[in-house]
Amino acid sequence: MDLNSVNSEAPKDPDMYFRLLSSSSGPRLGRLALNKVTIDTPSFIAPASRGAVPHLSHDNLRDHTDIKGIYVALEDFVEKYPPNVPIYNQAAGSLRNFTSTPSESLLILSGRRVPPVTTAASNTDHSLAILTSVGFRMLPIDDYVSVVSRLRPDIVLGLPDIPSNTPGKHRGPKMVFRTDLWLQQLLNKTIATADYTPHIFAPLLPLDFEQQSYYIETLTDKIDKLSGLALYDSALATELPEELEKLPRMSVDDAESPHKVLQQVRWGIDLFNLGFITTATDAGIALDFEFPRPTAAGEEIRPLGVDLWGKEHATDLGPLGQGCNCYACRRHHKAYVQHLLVAKEMTAWVLLQIHNTKVIDQFFAAVRGSIERGSFEEDVAIFGKFYESEMPERKGQGPRLRGYQFKSQGGTGKKNPKSFTKLGAAGVPAGDMREELDEAVESGVKEVANGLEGGFAERLS
Ligand SMILES: [Zn+2]
């Protein structure tokens, strides 16, 4: 297939274009180019925490990964009330400066993380309920619109009105009404300048197609102002009207395993905001799968990753993944990473994140190859036969948890156990421990003194 000829069109926007390189429905190949970053789709972007991909410094991101897009949530940055929000007071065009993101990765701004933590209050017609690092706040929609104009992210997602509970009979229509209203605000009020065009992705709600069919119809009228779609329910990709098929589709519908990613690719998703890379890394799991089948022989069903907390890896000098050529696998082995995990040394998670990102990158490259060959359906069936359907269970401890990583519930205990306790707190009375310590020091001093007697000490005298 000539990847540059099929369905290619002259881009209407000089900064950004999305070209479909295959059929427009079902699993599809495309190429998204924006601000000198080119992404062959299907592919993935990584969710960020306060502007950084967890465990990766920006130079690691640039030098050791192929992450070409970062999903940034505004709720990470608005811990104070306006006008004292540092990110609101930056010079124009500075989200990239503020987060120091390398120019090799696109910055995609949205209101909330995926999946969002349930908030205490509900959204209103004019504001979104968010969780900041110091508590719940309401984010006025007008503030989001003005932040977009000022910070100029490469791609901006329209805000969806999604309640924390399953919507009832009346809530569904209200979700559609508000999402439409907020999108119109974003489209009409975001300021384009000579050197900045806002690239807005319209959100599609996690509702049946019929419940939001009116809203989706109106999107076809706004298509000239839209750069893509953000799907909170990926299955909607199969029902979209023909006019919208040429827009890139980003899944913000948490795909928690490679099997779910393949399902969504089948529905026609182009770009995935993929949270399970970091979830696996946090759990100490080195992803270990290839699409469509493992290179190593054997018919047994394999786990999707290796839990490096396991003691059996303490002497394993093999790489994190067989045949992997990532920085972590070229330089280190399982035993080293296992040791780092046990020592709670944060380099463990850095190396794991670099490795896991590489596994995912190669997975998507293989998926694209499979679609191009026309063997996608057979390959998905083969993958299903060789690999377990769920990610390995989390067994060991992860890095210190943050507030956004668990649901807010009253009455629950501390999430992070104390790492250090007072002397004697672990069952030994403090007095006994003190004596033991004194004895140990004393005998140590004697040993050193004895060692010195024959050599250094004599020469001194
Ligand atoms: Zn590796």
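The values are calculated or read from the model by the stated rules, or taken from the named source; none is laboratory data. Being a predicted model, the structure only gives us computed values, none of them experimental. Here Cβ is always computed from backbone atoms with ideal geometry, including for glycine, and neighbour counts include all displayed protein chains. The area values use the complete protein model at the heavy-atom level, side chains included, leaving out ligands, DNA and RNA. Shrake-Rupley method; radii C 1.70, N 1.55, O 1.52, S 1.80 Å.
Being in a helix (DSSP H, G or I) and open to solvent by 60 Å² or more (accessible area, probe 1.4 Å) is the filter; apply it to region 288-320 and report the residue that is nearest to the ligand (Cβ to nearest atom).
If we filter region 288-320 for residues that are in a helix (DSSP H, G or I), which is where we start, we get 311-313.
So of that shortlist, the ones also open to solvent by 60 Å² or more (accessible area, probe 1.4 Å) come out as 311-312.
On the way: Lys311: 21, Glu312: 19 Å.
Looking at the filtered set, the residue picked out is Glu312.
Looking at Arg331, is it within 21 Å of Val261 (Cβ to Cβ) and of a type in the set (Lys, Arg)?
Values: within 21 Å of Val261 (Cβ to Cβ): no; of a type in the set (Lys, Arg): yes.
Here the answer is no, as Arg331 does not meet what is asked.
Does Arg266 count as within 16 Å of the ligand (Cβ to nearest atom), open to solvent by 10 Å² or more (accessible area, probe 1.4 Å) and either not in a loop (DSSP other than H, G, I, E, B) or not aliphatic (A, V, I, L, M) (or both)?
Spelling it out, it is not the case that Arg266 is within 16 Å of the ligand (Cβ to nearest atom), open to solvent by 10 Å² or more (accessible area, probe 1.4 Å) and either not in a loop (DSSP other than H, G, I, E, B) or not aliphatic (A, V, I, L, M) (or both).
Among all residue pairs at least 6 apart or on different chains, which show Cβ distances below 7 Å where the first residue, located in region 109-135, is more than 10 Å from Ala73 (Cβ to Cβ) and the second is among the small types (Gly, Ala, Ser) and part of a strand (DSSP E or B)?
Thr119/Ala129; Ala121/Ala129; Ser122/Ala129; Asn123/Ala129
Looking at (1) over 20 Å from Lys68 (Cα atoms); (2) more than 16 Å from the chain's Cα centre (by Cα); (3) open to solvent by less than 10 Å² (accessible area, probe 1.4 Å); (4) more than 14 Å from the ligand (Cβ to nearest atom), which one does Val367 not meet, given that it meets all the others?
(1)
Looking at region 321-339, which of the residues that are within 8 Å of the ligand (Cβ to nearest atom) and among the small types (Gly, Ala, Ser) is surrounded by the fewest Cβ atoms within 10 Å (Cβ to Cβ)?
The selected residue is Gly321.
Within region 43-70, how many residues are touching a Gly at 6+ places or on another chain (Cβ under 9 Å) and within 14 Å of Thr278 (Cβ to Cβ)?
So the answer is 5.
Residue by residue through region 50-65, note down the ones that are in contact with a helix residue (DSSP H, G or I) (Cβ under 7 Å, 6 or more places away or on another chain) and open to solvent by 70 Å² or more (accessible area, probe 1.4 Å).
Across region 50-65, the qualifying residue is only Arg50.
Quick check on my filter: what residues within region 230-252 are surrounded by fewer than 22 Cβ atoms within 10 Å (Cβ to Cβ) and closer than 20 Å to Ser110 by Cβ?
Scanning region 230-252 gives Tyr232, Asp233, Leu244, Leu247.
Inspect all residues belonging to region 270-278 and state whether any of them is crowded, with 17+ Cβ neighbours inside 10 Å, in a helix (DSSP H, G or I), of a type in the set (Val, Ile, Thr) and under 20 Å from the mean Cα position of the chain (by Cα).
To start, the set of residues in region 270-278 that are crowded, with 17+ Cβ neighbours inside 10 Å comprises 270-278.
When the remaining residues are screened for being in a helix (DSSP H, G or I), the result is 276-278.
Applying the additional criterion that residues be of a type in the set (Val, Ile, Thr) yields 277-278.
Those left that are additionally under 20 Å from the mean Cα position of the chain (by Cα): 277-278.
Yes, region 270-278 has at least one match.
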